[in-house]
Every structure is written in C-alpha cells, then in structure tokens.
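Structure first, commentary second.
Taken together, the values in this text are just the output of simple stated rules run on the coordinates, not laboratory data. All values derive from a computational prediction rather than experimental measurement. Here Cβ is always computed from backbone atoms with ideal geometry, including for glycine, and neighbour counts include all displayed protein chains.
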Amino acid sequence: MSRIICIANQKGGVGKTTTAVNLAASLAAAERPTLIVDIDPQGNATSGVGVEKVNLKRTVYDALINEVDPRELILDTGHPFLHILPANSALAGAELELAGELAREQRLKFILAEVAEQYSYIIIDCPPSLNLLTINAMTAAHSVLIPLQCEFYAMEGFSQILHTIKLIQKMINPLLAIEGILLTMFDARSNLGKDVAEEIRGHFPDKVFQAVIPRNVRLAEAPSHGKPIIYYDITSRGAASYLQLAREIIQREEANG
Ligand code: ADP
Ligand code: MG
C-alpha cells in the first residue's frame, strides 16, 4: 500500500510546490515508486518536473470531473520511479463544477485508490487555499505535511490549517495525521529566522522535521529547467535538505511498519 501525503498551507509562496516536487523526487531516488498529484490550477508541480502544462489535453481535471481513468492521465517524468498526475489551468473551473456533484469531497480519494498499489508514496501538491480541492486532498491522504516559511508571520494562518485538519478528521477522514511541519526558506544568518524556528519547535516539539530547508537559490532556479533539485544540482544545500527529509519520512514509516 502507498502512503499518501498532502502538502498544504493556505498561504502562497511558502514552499509547497518546491517541497512536493523535491520530496517526491528524493523518495523516488531512494527507489520508492512515487506519484506526484498536482491539484493546483497553476500547474507548477507539473512544469517543475519538465511537463509542458499548456499542451496537455487531459489532466487531473478529467479524472475529477469526467471520470477518466487516472491510468490514462498519469505521465512518466523521465526520472526513475517518478510519475505525475498533471494539472493546468483547466482545473480552475473544477471547484465550481464539483460543487453540485455526488461525493464531491471524495473524488480524489476514489481516483487514487485506482492506482495506489503501484506506488510507495503519493505526494499531493495543494493550491494556496483551503478550498474543495484541498479538502479532496485531505480526504484522500493519510497525512498532511505543512511547510512553514521561517518569517515573522509564519504562525499567522497556522491555526486556520490546524482547524481545517480537525474538521476533516471529525467529519470525513478520522485517520488523517500530521506528517510534520517543515521549516522552509531558512536563513541561518538571520536572527529572526532562528527565533521563528525555535518558537515553532517550542510549540510543536515532536512535529517539526529535523530536516530544515535553507533559502537556496538553486532551489529557485531548478523549476525553470523543469528539473527537481537532485537532477539540477545534486551538490546544492537544497538537494541535501530534501534528501534528508525523504530519509526521515522513509525511516519513520519503516519503523512504524
Ligand atoms: P507555494 O507552492 O507554497 O506557493 P513555491 O514552492 O512555489 O511555494 O515557492 C515560492 C517561490 O519561492 C518559488 O519561486 C520557489 O522557486 C521559491 N522557493 C521555494 N523554496 C525556496 C527555497 N528554499 N530557497 C529559495 N527559493 C525558494
Ligand atoms: Mg504551489
């Protein structure tokens, strides 16, 4: 069985997509067959692994709305053990279209059940809002990984996502766990960054990953080359940090059986 992890935070620009792409690529590099599921109409995870999103005739939208078999939509990224269920701007209409449909919160769960046995990990990249697409992701997932940018306002909005997770646990997916909080864009030279990291660790001592993602220009450059960081610059600090995150997740899961 696969472990399904959704990457969520309703704030934009906190490193969700960077984490989805690079965590998935790092898990795949450890020879764990991994699927990235892009459910953000911006399609940045899709282009981040080198898929031309504008040319796609069919995407995750067609699975969600037109009941197309996801196996017909999943693409090979060209990197070993790494596949993607892509998205593009066609998905922007999905939320409204889903609103009147049967089992509107469960659609992604049923889609992923069709392909789950092929993958060790399924990583879902969520849009920057707690909308019906994100609710679909939290309904389908075993856990939520929350990237938090190490800045003064990091905690703002954090209680909102915790509240959403609690609601989903209560009403739809009682087993939904918090995979962990990932500190992103950490700047070791800034006292503020260190203070924020310390504060978050103080509040959630056993929830924060040991791996911390540094602010690293190579991570910002890689998407424009359509490559995960480990295929763009394996020597970068960004690559090392995402490989460490993948190791932590694999070790923890294998320890828990
Ligand atoms: P989100 O998906 O939460 O909106 P992104 O992952 O797209 O956030 O990141 C926002 C921007 O910051 C992107 O341009 C990305 O390349 C850049 N970025 C993300 N993480 C880092 C990092 N650790 N160091 C430097 N730039 C980063
Ligand atoms: Mg994103």
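When the helices of the chain are scored as -39500 (n - 2.57) per DSSP H run of n ≥ 4 and the total is divided over every residue, the value at 222 nm lands at -12000 deg cm²/dmol.
Under the convention that each Lys and Arg Cβ holds +1 and each Asp and Glu Cβ holds -1, the size of the dipole of the range 3-256 around its Cα centre is about 400 debye.
Here r is the Cβ-Cβ distance between TYR153 and ASN66 and R0 is 45 Å; the resulting FRET efficiency, rounded to 0.05, is 0.70. Annotation: lysines with alpha-carbon distance below 20 angstrom to LYS53 (same-chain offsets under eight excluded): LYS16, LYS227. Taking 0.36 nm per residue of sequence separation and removing the Cα-Cα distance, the GLU52/SER190 pair yields an extension gain of 46.0 nm. Residues whose amide H falls under 5 Å from that of ILE36, counting only those 5 or more places apart or on a different chain, are HIS83, ILE84, LEU85, ILE123, with hydrogens built in the peptide plane.
Close amide H partners of ALA154, meaning residues 5 or more places away or on another chain with modelled amide H under 5 Å apart, do not exist here. If you run the Gaussian network model on the chain, springs between alpha carbon atoms under 10 Å, then out of ALA246, ALA220, ALA116 the most flexible one is ALA220.
Our coupling estimate for the range 72-88, obtained by passing each phi through the Karplus curve with A = 6.51, B = -1.76, C = 1.60 and θ = phi - 60°, is 7, 10, 6, 10, 7, 8, x, 9, x, 6, 10, 10, 9, 9, x, 9, 8 Hz, Gly and Pro reported as x.
GNM on the chain, alpha-carbon springs under 10 angstrom: the most fluctuating residue among LEU167, LEU245, LEU130 is LEU167.
Spin-label model, PHE110/GLU221: points 7 Å from Cα along the beta carbon direction are separated by 4.6 nm. Taking Cα pairs under 8 Å and at least six residues apart, what relative contact order does the chain come out at, in percent? After rounding, I find 26 percent. Within the chain, antiparallel bridges make up roughly 5 percent of the DSSP beta bridges whose residues both belong there. FRET efficiency for the ASN131 to GLN244 pair, using the beta carbon distance and R₀ = 25 Å, is estimated at 0.20. Taking the chain as a Gaussian network of alpha-carbon nodes connected by springs under 10 Å, the highest mean-square fluctuation of the residues TYR153, TYR61, TYR232 belongs to TYR153.
3J(HN,Hα) along the range 47-53, derived from phi through the Karplus expression 6.51 cos²θ - 1.76 cosθ + 1.60 where θ = phi - 60°, amounts to 5, x, 9, x, 8, 6, 5 Hz, with x in place of Gly and Pro.
Between ARG201 and ASN256, the simple spin-label model (points 7 angstrom out along Cα→Cβ) gives 2.2 nm.
Cα-based radius of gyration for the chain, normalised by 2.2 N^0.38 Å, reads 0.94.
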